[in-house]
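Encoded as structure tokens, the structure appears first; notes follow it.
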Amino acid sequence: MQIVKFWITLFSVLLMHLNGFAQTNTKSFKPDPTVPIPAGMPTRGGPSPEETALQQEISRALRLARQAESDNDWQRAIELWQFVWEKRPGDYSAYNGLRRAYIQLRRYDDALAFIDRAEKQNRASRSPLEPSVIAADRIEILFTAGRTDEAQTAIDRALAEFKGSPNIVRAISNVLFGQRRTDEAMSLLKRARKESGNPFLFAQEMAYQAEVRMDWATAVAEYINYIQEGPERLSYVTGVLGDICENPAADSIVQNITNQRLKEADNNFKPVLKRLQAGLHFRARRYAQALALYQELDQLGGEEGGELLRFAKLLAEEKEWNYGLEAYNSLLLRNPSQALRSKIQVGCGICLEALNQPDSALMVYRAALAPGIIAETAVVAYRRIADIELQLDYPPAEARKHYEEVLKIMRRNPSLASDMEDVQVQMALTYEREGDLTTAQAELEKIVRIAGNRVAAAPKARLELAKVHFRKGFPTKARYEAAALLSADPTSEYANDALLLMMLFDRLKDDSLTLTIFGEGDYLCFLKKFDDAATTLNKLISNKTTSPLTVEEALWRLSEINSTSQRYADALANLDDIISRPESSLRTDAALFAAGKLCLDKLDNPLAAARYLELLLTRCPDSPLVDAARRLLRSNLNPAS
């Protein structure tokens, strides 16, 4: 019992001490006014009103000084920069501003006197100014003033004072180069490099100076030195040398020097040079040589298929499908892992599609769907399979099954679901392909309902729903969905099609029979029954009671049908019919532009294209298509013709 009382008493005493300690430490802290606050530590409440006012005054002076320079009022600029320098010693903007203003006014003695003051101040305080910069500025002022001997003396003094410093050498070399003393600038860099014992020192500076002088051999050699010192600079050097290679004479020099350096390089640097050569060949569109080099690099090992795969993707981006296909096939010969194999096969399929070989592409995509394929690749493969199956008129249910596989993967992997709505719409349209417009409508309405009224909600679904209503013969409902799309997302890529539908409905709102015929024709086109659609429209055109605007609309749709079915001459004839109609025609400018594009892109007749586009410029000078027509004339057509 005594022991228990002892521990209770001891605990009470400890608790009292702890409470007292807590109270002592929660009292407001009062700093000793005799102890200075360290530099950089904010005072309670921030800067004083005087400090704030001074900062505002300096900011205003900086703004006015720059404005004075823009107005060429250099005397006023000196006064303002001097104020900033006095209030904020060592300020780099004020230093440069005063130096620049004195030189502009040719007050070289004042400029030198200021440089001397800045240098003394720099040595006496922790100024942010780099000593080598001040020394180089003095040399530049002396050269500008025509005091060459003094400038040379200043160079010798600076080099002796900052002996072994690359910064002073760079700064002085830049001054000499700016003064057009290019031989002296290059000589200084070479001498300093030799003294340092570093064969790559100043490689970038020497390369740039040689490039400006069009000394291609030296420029190329030094840029190669620059990447030999740091291979991470390869992308930058490839860009610079690629620009140089646009000069045919320089291109051969670049190739000769890189080939020679490749022979001399050790095994570590050889792959870097091969990447450089491959990049230069790619930029020059010498794809065969670039591909051969990337195949060599792939043989050297490293990341599995990494470089060659990236190159194959680049070729695809450039739409060089044959070379891209060759690159992908080279990768397949390397017997890659299944995940990589599937990715490569999808790349092959994309190239084959672009080369108009859908059957081969379909076979490759199906082969890609093997165990081990990653989700991202599977999404692309399934989706491409479904698209091709619809293109080749497979049963729509087959395509729908593959779209469903895409949706399953997207639901399991939300990061891949950014365009889920597009897949859902394509899946809904498979019912329309089967002639089941009711189910297609229901599926599209479900997509729109789930999206709700948020901004940019389901624009593609709304457009396709409008088309379904139009094809079923319900233009009022179709117009409602088109208007809803424009209201929800007026900047959508589908907004223009929705607007055209609304304009059609508004023009023909009192002619339900004609709207029904247009809807039927549109559905026949969707089903790829182009001849039946053309027959329907031709009947409308030949009917003498059809209004001129309706005939124009029918001709426009007939032109689109003929273009889609690759009957380009017939499409051009339809456009000519629109162009030859009275001046009241609503689409004369669009027909002229479309005719010019058709002649240029499909009929290979630039002379006819030029006639249509020039006619657009003269007949429709206020058309929004005028600028586009001018660009086409300038970029694609020979003015002399």
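The values are calculated or read from the model by the stated rules, or taken from the named source; none is laboratory data. All values derive from a computational prediction rather than experimental measurement. Glycine also receives a Cβ, built like all others from the backbone with ideal geometry; neighbour counts cover every protein chain displayed. For the accessible areas, the whole protein counts, side chains as well, though only heavy atoms, and no ligand, DNA or RNA atoms are used. Shrake-Rupley method; radii C 1.70, N 1.55, O 1.52, S 1.80 Å.
Work the Kirkwood hydrodynamic radius out for the stretch 235-303: mean of 1/r over every pair of different alpha-carbon atoms, inverted, in Å.
Final number for the Kirkwood radius of the stretch 235-303 is 12.3 Å.
Going Cα to Cα from residue 87, which aspartates and glutamates come in below 18 Å? Please leave out same-chain ones fewer than 8 positions away.
50, 51, 57, 79, 119
Over the stretch 86-221, with a single point scatterer placed on each C-alpha, what log10 of the ratio I(q)/I(0) does the Debye formula yield at q = 0.10, 0.13, 0.20, 0.21 1/Å?
Listed by q, the Debye log ratios stand at -0.36, -0.60, -1.18, -1.25.
Based only on Cα atoms, what mean projected area does the convex hull of the stretch 486-566 have, in nm²?
Mean projected area for the stretch 486-566: 6.0 nm², to one decimal.
Sorted by mean Cβ packing within 10 Å, highest first, what order do the peptides 158-169, 379-390, 129-140 take?
Peptide ranking by packing, descending: 379-390, 129-140, 158-169.
Under the rule of -39500 (n - 2.57) per DSSP H run of 4 or more residues, summed and divided by the residues of the chain, what mean residue ellipticity at 222 nm is obtained, to the nearest 500 deg cm²/dmol?
Taking each H run of at least 4 residues, the total per residue is -24000 deg cm²/dmol.
Counting pairwise Cα distances across the stretch 199-356, what percent come out greater than 22 angstrom?
In whole percent, the share of Cα-Cα pairs in the stretch 199-356 beyond 22 Å is 45.
Between residue 124 and residue 252, take the C-beta separation as r, use R0 = 56 Å, and let me know the FRET efficiency to the nearest 0.05.
0.50
Enter the accessible area per residue of the chain (Å², integer; probe 1.4 Å; all protein chains in place).
On a per-residue basis, the chain sits at 55 Å².
Does a label point 7 Å from the Cα of residue 419, set along Cα-to-beta-carbon, have any residues of the stretch 450-489 with amide nitrogen under 15 Å, and which are they?
Counting backbone N atoms under 15 Å from the label point, the list is 459-461.
Starting from the stretch 257-346, pick out the trypsin sites (Lys or Arg not before Pro) whose DSSP state is loop and whose Cβ has at most 11 other Cβ atoms within 10 Å.
285, 319
Would you mind getting the Kirkwood hydrodynamic radius of the stretch 432-515 from its Cα pairs, rounded to one decimal in Å?
12.8
Counting pairs of alpha carbon atoms under 8 Å apart in space and at least six apart in sequence, what relative contact order in percent does the chain give?
Normalised by residue count, the contact order of the chain is 3 percent.
In the neighborhood of residue 171, defined by Cβ-to-Cβ distances under 13 Å, what is the net charge if each Lys or Arg adds +1 and each Asp or Glu adds -1?
Charge balance in the 13 Å sphere: -3.
For the pair residue 499 and residue 398, what calculated FRET efficiency results from E = 1/(1 + (r/R0)^6), where r is the Cβ-Cβ distance and R0 = 41 Å, to the nearest 0.05?
The computed FRET efficiency comes out at 0.75.
Report D for the stretch 426-474 in µm² per second (integer): Stokes-Einstein, Kirkwood Rh on Cα pairs, 25 °C, 0.890 mPa s.
Using the Kirkwood radius from Cα pairs, D works out to 228 µm²/s.
Binning every alpha carbon pair distance of the stretch 282-390 at 5 Å from zero, what are the percents per bin?
2, 14, 24, 23, 19, 11, 5, 1, 0
Which of the pairs 539/602; 460/544; 467/597 have their Cα atoms more than 32 Å apart in this structure?
Those over the limit are 460/544.
Relative to the longest principal Cα axis of the chain, at what angle does helix 459-472 sit, 0 to 90 degrees, rounded to 10?
Taking the Cα atoms of the chain, the angle to 459-472 is about 10 degrees.
How tilted is helix 148-161 with respect to the longest principal axis of the chain? Cα atoms for both, answer in degrees (0 to 90, nearest 10).
The two axes meet at around 80 degrees.
From the P(r) of the stretch 342-494, could you give the percentage of C-alpha pairs in the tail past 18 Å?
The calculated P(r) of the stretch 342-494 puts 62 percent of pairs beyond 18 Å.
Under Stokes-Einstein, with the Kirkwood radius over Cα pairs standing in for Rh, what whole-number D in µm²/s applies to the stretch 108-169 at 4 °C and 1.567 mPa s?
Here the translational diffusion coefficient equals 108 µm²/s.
Can you give the FRET efficiency for residue 360 and residue 198, using 1/(1 + (r/R0)^6), R0 = 51 Å, r = Cβ-Cβ distance, to the nearest 0.05?
Plugging the Cβ-Cβ distance into 1/(1 + (r/R0)^6) gives 0.35.
Over all Cα pairs of the chain, how is the pair count split among 10 Å bins, expressed in % and running from 0 up to the last occupied bin?
3, 10, 13, 14, 14, 14, 15, 11, 5, 2, 1, 0, 0
For residue 218 and residue 96 in one chain, what is 0.36 nm times their gap in residues minus the Cα-Cα distance, to one decimal in nm?
40.6 nm
Can you give the net charge of the other residues whose Cβ lies under 11 Å from the Cβ of residue 569, counting K and R as +1 and D and E as -1?
Combined, the nearby Lys, Arg, Asp and Glu give 0.
Starting at 0 and stepping by 10 Å, how many percent of the alpha carbon pairs of the stretch 446-586 end up in each bin?
12, 38, 34, 13, 2
To test your reading of the geometry: what angle, between 0 and 90 degrees and rounded to tens, separates the Cα axis of helix 530-542 from the longest principal axis of the chain?
70
What does the highest-first list of 526-533, 101-108 look like by mean Cβ count within 10 Å?
Sorting 526-533, 101-108 by mean packing, highest first, produces 101-108, 526-533.
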